[in-house]
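Engineer: Please see the structure below; I have some questions.
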Amino acid sequence: MIRDTIDFALGILRPLRPDDAEDLVRACNDPSIARWTQVPVPYALSDAREFIGSHAGEDHAWVIDVDGLAGVIGVRGTMATLPGPVTEVGYWVAAWARGRGVATAALVAVRDELAQAGYQRIDWAAVAGNEASVQVARKAGFAIEGQRRQGLVHRGRLVDCVVGGWTASRDVPELVAGQWQVQPVGPQEVLPDLRPLASSALAVWVPRTAVGGNDCGYVMAVRSVAGVHLVAIDAPDEATAAARRYLQAQGCHITEDPLPSGWL
């Protein structure tokens with residue numbers, strides 16, 4: 001579950017409030033925000049009130065509060081059945097709060113909140129030329145993946161954009177289960193018909209005999225809205241139990257519900 005209020009290094013991320021309207025008007029009438037974002041120009045008090053009520057289509061929107069409104073950060077695409085394919089983040093910082101690392105700290109906090117909730121990739125895009133946004137994304141651990149020609153609609157026209165993303169770590173340990181060495185593998189190392197499921201898994205292991213190194217099936221941890229499904233495919237019970245113990249130690253809720261139809 002994504003929280004409404006999140007403490008972060010420089011302040012707090014909190015829901016928008018009616019009394020934020022005047023600060024939003026003051027911030028969004030800054031020419032640089034108008035240049036790089038989709039806020040109305042000029043930005044009126046009615047625009048602020050509408051944004052507070054609707055979040056402009058964002059699934060979650062927070063005020064970056066550092067002794068008052070310092071900016072806004074929001075995410076969309078978080079309502080999928082599987083909390084883990086992709087969500088998207090956007091942000092801006094008011095002129096009076098720039099140069100203090102506010103945007104980077106807020107983005108790291110949202111990134112970690114989404115990862116804790118089970119999201120495995122966060123997309124980011126900015127109008128080409130918005131170097132300040134690029135630097136914020138890079139400092140927050142996002143990989144800048146390239147430029148998309150005419151890839152963004154900005155004020156009614158297609159413009160070039162810079163794109164990137166952050167992905168959750170897949171660092172998974174080897175587990176020991178009796179005669180089995182339960183070794184982590186990447187999605188490309190499983191059988192072709194299992195790769196779509198493996199590519200969305202939190203972890204994939206192959207049980208191998210300690211002597212001889214013979215493989216015996218797969219154990220996958222796959223997250224859905226019901227929790228983490230432990231999927232054993234021709235794997236020994238000891239290996240599956242070891243994976244369960246590891247995931248529970250990481251704080252994962254293991255669900256006994258079947259995977260949604262069509263996932264396997």
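The values are calculated or read from the model by the stated rules, or taken from the named source; none is laboratory data. What you see is a predicted model; the values in this text were computed from it and never measured. Because the Cβ atoms are built from the backbone with ideal geometry, glycine has one as well, and the counts that use them run over all protein chains shown.
Engineer: How many residues, within the range 160-207, are farther than 22 Å from Val108 by Cα and of a type in the set (Ser, Thr, Tyr)?
Structural biologist: Residues in the range 160-207 being farther than 22 Å from Val108 by Cα and of a type in the set (Ser, Thr, Tyr): 2 in total.
Engineer: Any idea which of (1) part of a loop (DSSP other than H, G, I, E, B); (2) over 15 Å from the mean Cα position of the chain (by Cα); (3) modelled with pLDDT under 95; (4) of a type outside the set (Asp, Glu) is the one Ala34 doesn't satisfy?
Structural biologist: Evaluating Ala34 over (1) part of a loop (DSSP other than H, G, I, E, B); (2) over 15 Å from the mean Cα position of the chain (by Cα); (3) modelled with pLDDT under 95; (4) of a type outside the set (Asp, Glu) leaves (1) as the failure.
Engineer: Let me ask you something else. Exactly one condition in (1) out of contact with any His (no Cβ under 8 Å at 6 or more places or on another chain); (2) touching a residue at least 40 places away in the same chain (Cβ under 8 Å); (3) within 30 Å of Trp263 (Cα to Cα) is not met by Gly68; state its number.
Structural biologist: (3)
Engineer: Right, next: Looking only at the range 147-178, count how many residues are in a strand (DSSP E or B) and either without any contact (Cβ under 8 Å) to a residue 24 or more places away in the chain or among the aromatic types (Phe, Trp, Tyr) (or both).
Structural biologist: 8
Engineer: Does Trp180 count as among the aromatic types (Phe, Trp, Tyr), crowded, with 16+ Cβ neighbours inside 10 Å, within 26 Å of the chain's Cα centre (by Cα) and not assigned by TED's automatic domain parsing to the domain that holds Ala106?
Structural biologist: For Trp180, the condition - among the aromatic types (Phe, Trp, Tyr), crowded, with 16+ Cβ neighbours inside 10 Å, within 26 Å of the chain's Cα centre (by Cα) and not assigned by TED's automatic domain parsing to the domain that holds Ala106 - is not met.
Engineer: Scan the range 242-255 and tell me whether some residue there is outside the structural domain of Tyr119 (by TED's automatic domain parsing), over 25 Å from Ala115 (Cα atoms) and at pLDDT 80 or above.
Structural biologist: no
Engineer: Also, I was wondering about something else. Considering every residue within the range 112-122, establish whether at least one is assigned by TED's automatic domain parsing to the domain that holds Ala56 and farther than 30 Å from Val204 by Cβ.
Structural biologist: Checked against the condition, which is being assigned by TED's automatic domain parsing to the domain that holds Ala56 and farther than 30 Å from Val204 by Cβ, the range 112-122 yields no hits at all.
One line per residue, one yes/no per condition, for (1) in contact with a helix residue (DSSP H, G or I) (Cβ under 7 Å, 6 or more places away or on another chain); (2) surrounded by fewer than 15 Cβ atoms within 10 Å (Cβ to Cβ):
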position: Val108; (1), (2): no, no
position: Val134; (1), (2): no, no
position: Lys139; (1), (2): yes, yes
position: Glu145; (1), (2): no, yes
position: Gln150; (1), (2): no, yes
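Engineer: To continue, here is another question. For the range 185-199, state whether one or more residues are modelled with pLDDT of 90 or more, touching a Lys or Arg at 6+ places or on another chain (Cβ under 8 Å) and either under 30 Å from Asp123 (Cβ atoms) or hydrophobic (A, V, I, L, M, F, W, C) (or both).
Structural biologist: no
Engineer: Let me ask something additional. Within the range 234-253, how many residues are crowded, with 16+ Cβ neighbours inside 10 Å, free of Cβ contacts under 8 Å to residues at least 40 places away in the same chain and more than 18 Å from Arg170 (Cα to Cα)?
Structural biologist: So the answer is 2.
Engineer: In the range 179-201, what count of residues is obtained for those that are farther than 20 Å from Ile254 by Cβ and part of a strand (DSSP E or B)?
Structural biologist: The total comes to 2.
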